[in-house]
1. As an exercise: evaluate A:V309 against (1) modelled with pLDDT of 90 or more; (2) not in a strand (DSSP E or B) and give the number of the one condition it does not meet.
2. Hey, A:K126 hits all of (1) in contact (Cβ under 8 Å) with a residue 24 or more places away in the chain; (2) within 27 Å of A:E217 (Cβ to Cβ); (3) more than 10 Å from every other protein chain (Cβ to nearest Cβ) but one; which does it fall short on?
3. Report, by residue number, each residue of segment B:382-406 that is out of contact with any helix residue (DSSP H, G or I) (no Cβ under 7 Å at 6 or more places or on another chain), in contact (Cβ under 8 Å) with a residue 12 or more places away in the chain and of a type in the set (G, A, S).
4. Would you confirm, using the coordinates I've provided, whether A:P326 is farther than 24 Å from A:R190 by Cα and either open to solvent by less than 50 Å² (accessible area, probe 1.4 Å) or at pLDDT 95 or above (or both)?
5. How many residues does segment A:73-92 hold that are surrounded by 22 or more Cβ atoms within 10 Å (Cβ to Cβ) and of a type in the set (D, E, K, R)?
6. Would you confirm, using the coordinates I've provided, whether B:G33 is at positive phi and more than 12 Å from every other protein chain (Cβ to nearest Cβ)?
7. Within segment A:173-186, is even one residue buried (at least 20 other Cβ atoms within 10 Å of the Cβ), within 21 Å of A:V113 (Cα to Cα), touching a residue at least 12 places away in the same chain (Cβ under 8 Å) and over 14 Å from the mean Cα position of the chain (by Cα)?
8. Is it fair to say A:K188 is more than 26 Å from A:V290 (Cα to Cα), part of a loop (DSSP other than H, G, I, E, B) and modelled with pLDDT under 95?
Protein chains: 2
Amino acid sequence: MARIVMKFGGTSVADLDRIRNVANRVKREVDAGNEVAVVVSAMSGATNQLVKWCTDLSPLHDAREYDTVVATGEQVTIGLLAIALQTIGVDARSWQGWQVPIKTDNAHGKARVEEIDGTLLIERMKTGQVPVVAGFQGIGSDNRVTTLGRGGSDLSAVAIAAAVKADRCDIYTDVDGVYTTDPRIVPKARKLPAVAYEEMLELASVGAKVLQTRSVELAMKQRVRVQVLSSFEDKPGSMVVDEDEIVEQPLVTGVAYSRDEAKVTLRRVPDKPGIAAQVFVPLSEANVNVDMIVQNLGADGTTDMTFTVGKTDLPRAKEVLEKARPVIQFESMITDPEVAKISIVGIGMRSHAGVAATMFKALSEKGINIQVISTSEIKTSVLVGLEYTELAVRALHTAYGLDAEG
Amino acid sequence: MARIVMKFGGTSVADLDRIRNVANRVKREVDAGNEVAVVVSAMSGATNQLVKWCTDLSPLHDAREYDTVVATGEQVTIGLLAIALQTIGVDARSWQGWQVPIKTDNAHGKARVEEIDGTLLIERMKTGQVPVVAGFQGIGSDNRVTTLGRGGSDLSAVAIAAAVKADRCDIYTDVDGVYTTDPRIVPKARKLPAVAYEEMLELASVGAKVLQTRSVELAMKQRVRVQVLSSFEDKPGSMVVDEDEIVEQPLVTGVAYSRDEAKVTLRRVPDKPGIAAQVFVPLSEANVNVDMIVQNLGADGTTDMTFTVGKTDLPRAKEVLEKARPVIQFESMITDPEVAKISIVGIGMRSHAGVAATMFKALSEKGINIQVISTSEIKTSVLVGLEYTELAVRALHTAYGLDAEG
């Protein structure tokens, strides 16, 4: 007997047939003697329609009213799934965010979960009833419905799993697990039976969008064992767990890429103390996230600074830097949106030297020029020309022995 | 300055343009210095879709989950209307049933309003904010969303008008008021400037479906002045008020008809005490509503009993009566669904004799046979052949001087 939270996204509950399919999956876990709670998203497309109505009425709509409208998507699904479960003999009851309650802050449209009291849910689960909880929503201290922002249902599921002390949080999605890299680029990519939280975070942050980053952070903090699996196929997925649970740890677990960054270079900046602050504080104040940073010292008392920003933030970044030019005193600014960030991720890198060298050698052998390098404890990233994305990913996947056999 | 509750039905909020139109109407009342609260239904069609999903999953769905699903229709509209109001500079805030709260019993799917605390709404209205309240829904003592049954938004509006001590409850609809009869049958029908609660109740119960019956009952009990008016045209509607407010009281206010009844006759029933109970108790236990009843005593110690039941209840009524035949001992049962009930309604009938005589004479002159007659304090109804419906209505409308001039 285990206590399980099962989470189904929008495509898994897109119509009545799929909702019936979800109900059957839930019934199987209940019949196996498990205590089950379910978290669901809105039927796919529903949220977009609701958002569009709000935006059409006013691009600058009140976030509180937006939340009132948009939260109805999940409310519909919980009621329908509860009915579908009851129809096949599973005792079930729907729960809206305010009924649990899932307490959040009052940042409407992108609220953060503050506290979930799992007592009521646990009580019901112990009687064999399946709570069907609306994902993506909560209740603020202003007694108004809040939503957690896009992808928030994953976060709801992990938070509820923590609140009910679940043995496992199963995230059903349209992919069947976490892969060593994007299978669309590398057909020999392998599904990973297990990934460490830290690895999943790094993979998520560089574009492997299986799980929302905030939900992985929360799972790591609360030690919730998460499984990513397919809602359409019937086979085990990938476990996202504490690294101690992973028996055989490879040096590199996965290769990830991101095409969402742009490169900015400030040429011939006077090399004086505080210059980094003069560049990055104004960017931060303008909500521009800066990622990779390198600085090359010149011989003449000037320096070249290169860094990356989100591609969509590039126009804003340029504006901010031009405005700060009298202070920073750079000679010229060169920007390039035609770049990709390729990363290798693996807990094993912590205890092994020379892992990155393999990366540089593999890329060099393919004639790929590395523009910027940045490293963290369990990740090494390089910036390359956008057109080399697939080539670089494939080369690294092979170089680290990740290709599937046969 | 007045305090007004404005209620808009599904066709009035069917799309974003109509919601904007409603917002403009509300703004006009606010600009005129009034304190305004708004009650809205779901966008037309939305509720039907939600109901269909529930029914498709299970014809015998759990009413609590049905309520969870169906209540989302109004939740969407309140959020959108609040945004539309804010966009044109009107301070507005949406309120779901549980936020007001609108406390109901736990009869899910057809709950009754038990108590509305208007304090919070009045506070907001006094600051110039417009509360936009979801019609049709409330919250039960089980902390679950309830719905009031079809047409329940009218009831919500009247109940909220009572709770905030409103001077008037304006019900915007797709007709522009209450008419002396159905204008589709009698082009010379006139819009009534005022109707008494009791008259409105009798008119509603015989098929003039302008206002839901329960909402008129509540308005009468709580002395809420209700106005029925068009959401598409800009002119005064009909006031539904206490009879004391109506200056010139005609003998007959309106002519109504209903094609929803069927006639049942039990021939040669033994005329013994308790026989009526033997007939009507089993029908009542089977939830068959009996309306008009007449009994003709025969010369031979038997009697013929004739009564009407809802047309959709006829098969059930026949089954129940056949089963009770050994006890009732009727000789034969004759049923006829081809009937119509025509009624004249008017407070003036209370104080004037001979009003009904005009009815019988007018119908007789047109060669219309009266099958059953029933009377109440302010209404006289006759049952006639279905094919005579229009002829009878027109004849009575003329006979009581209700035709518009010109």
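1. (2)
2. (2)
3. If the condition is that a residue be out of contact with any helix residue (DSSP H, G or I) (no Cβ under 7 Å at 6 or more places or on another chain), in contact (Cβ under 8 Å) with a residue 12 or more places away in the chain and of a type in the set (G, A, S), then B:G385, B:G401, B:A404 are the ones that fit.
4. Values: farther than 24 Å from A:R190 by Cα: yes; either open to solvent by less than 50 Å² (accessible area, probe 1.4 Å) or at pLDDT 95 or above (or both): no.
In short, no.
5. Counting residues in segment A:73-92 that are surrounded by 22 or more Cβ atoms within 10 Å (Cβ to Cβ) and of a type in the set (D, E, K, R) gives 1.
6. Values: at positive phi: yes; more than 12 Å from every other protein chain (Cβ to nearest Cβ): yes.
For B:G33, the condition - at positive phi and more than 12 Å from every other protein chain (Cβ to nearest Cβ) - is met.
7. Within segment A:173-186, not a single residue is buried (at least 20 other Cβ atoms within 10 Å of the Cβ), within 21 Å of A:V113 (Cα to Cα), touching a residue at least 12 places away in the same chain (Cβ under 8 Å) and over 14 Å from the mean Cα position of the chain (by Cα).
8. yes
The values are calculated or read from the model by the stated rules, or taken from the named source; none is laboratory data. These numbers come from a predicted model, not from an experiment. Note that each Cβ is placed from the backbone with ideal geometry, even for glycine, and that neighbours are counted across all protein chains shown. Just so you know, the surface numbers come from the protein's heavy atoms only, side chains and all, with ligands and any DNA or RNA stripped out. Shrake-Rupley method; radii C 1.70, N 1.55, O 1.52, S 1.80 Å.
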